[in-house]
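This report concerns only the one structure given below.
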Amino acid sequence: MTTQKVKDWGKMPEVSIIALPPSRWRDAKQLRLEALLAVPSAFASSYEDELAFPDEIWIARLTSAYEWDGNMTFFAEVGGVLVGMAGAHWSSKAKLRHVAKIYGVYLSPEARGQGIASALMRQLLEELRSLGQFEKVSLTVNSEASAAIRLYQGLGFKIIGTSRRELKTEGRAYDLHIMELRLLQGRGPPL
Ligand SMILES: CC(C)(COP(=O)(O)OP(=O)(O)OC[C@H]1O[C@@H](n2cnc3c(N)ncnc32)[C@H](O)[C@@H]1OP(=O)(O)O)[C@@H](O)C(=O)NCCC(=O)NCCS
């Protein structure tokens with residue numbers, strides 16, 4: 001398990017950035033369902049879809065075995081409670097294995113505005129970089145999600161395009177920005 005101290009909060013408990021053991025899948029499930037319920041416009045999955053997942057899927061998500069060929073997620077924990085998460089997945093196919101995709105970035109409302117999302121993303125990007133296989137990291141973000149876009153821009157991500165009316169939820173259609181970060185310079189042909 002990776003632990004990174006973010007900040008001492010005075011009276012508040014310390015925030016840790018951690019990878020969870022599979023035994024804590026219920027905690028991960030609770031936070032993910034909170035995210036899907038609270039901000040449906042931020043995620044492609046719906047609360048109803050994932051509420052129906054069997055336990056095995058939640059466990060597999062923490063062991064890299066679910067759905068994707070490669071998968072890692074970091075969580076922010078305060079006083080034993082998970083308050084944030086950020087994940088990445090990637091294909092092992094030869095034509096695609098140079099790209100990692102970010103997903104599931106979320107902070108509980110009370111944890112926002114304190115640099116925790118940035119710490120989560122930095123830990124995730126550091127781990128991805130250490131694997132040595134990725135030329136770029138990509139993500140999609142709701143074009144109205146100002147805090148998320150600023151977060152990603154602050155980490156060096158650039159908006160490279162916009163998909164119109166890509167996500168529909170709660171009677172509305174949203175545009176999604178496609179954002180990319182070059183991870184390794186000088187590896188492979190220019191993108
Ligand atoms: C995205 C999210 C994790 C960011 O966490 P956060 O703690 O709110 O992030 P910060 O407070 O550090 O804000 C990040 C940046 O956005 C800015 N920001 C915050 N709220 C903003 C708002 N309403 N409008 C514009 N900018 C905003 C901050 O000033 C900061 O910019 P800076 O680093 O240049 O100062 C969090 O807002 C969240 O969980 N949102 C809902 C889910 C979501 O949208 N996930 C993204 C899926 S792609």
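If you put +1 on each Lys and Arg Cβ and -1 on each Asp and Glu Cβ, how big is the dipole of the stretch 3-136 around its Cα centre, in Debye rounded to 20?
Once rounded to the nearest 20, the dipole reads 460 debye.
If you add up the charges near Trp58, with Lys and Arg at +1 and Asp and Glu at -1, over every other residue whose beta carbon is less than 11 angstrom from its beta carbon, what do you get?
Net of charged neighbours comes to +1.
Neighbouring Cβ atoms within 10 Å as the yardstick, rank Ser108, Ser41 fewest first.
Exposure proxy ranking, most exposed first: Ser41, Ser108.
Grab the alpha carbons of the chain, take their convex hull, and tell me the volume per residue in Å³.
Taking only Cα atoms, the chain has a hull volume of 122 Å³ per residue.
Could you calculate the contour length gain from Ala44 to Arg165, that is, 0.36 nm times the residue separation minus the distance between their Cα atoms, to one decimal place in nm?
42.3 nm
Measure up Lys136/Lys168; Lys136/Lys158; Lys93/Lys136 against 22 Å on the Cα-Cα distance and list the ones that go over.
Lys136/Lys168
From Cα pairs below 8 angstrom and at least 6 apart in sequence, can you work out the relative contact order of the stretch 3-136, rounded to a whole percent?
With pairs under 8 Å counted, the relative contact order is 22 percent.
From Cα coordinates alone, what are the radius of gyration and Dmax values for the stretch 33-113 in angstrom?
Considering the stretch 33-113 through its Cα atoms, Rg and Dmax are 13.7, 42 Å.
Compute the separation of the alpha-carbon centres of the stretch 20-62 and the stretch 66-102 and state it in Å as a whole number.
13 Å
Computed from the coordinates by the stated procedures, all read-outs in this text should not be read as laboratory data. Because the structure is a prediction, the values reported are computed rather than measured. For neighbour counting, all protein chains shown are included, and Cβ atoms are generated from backbone atoms with ideal geometry for every residue, glycine included.
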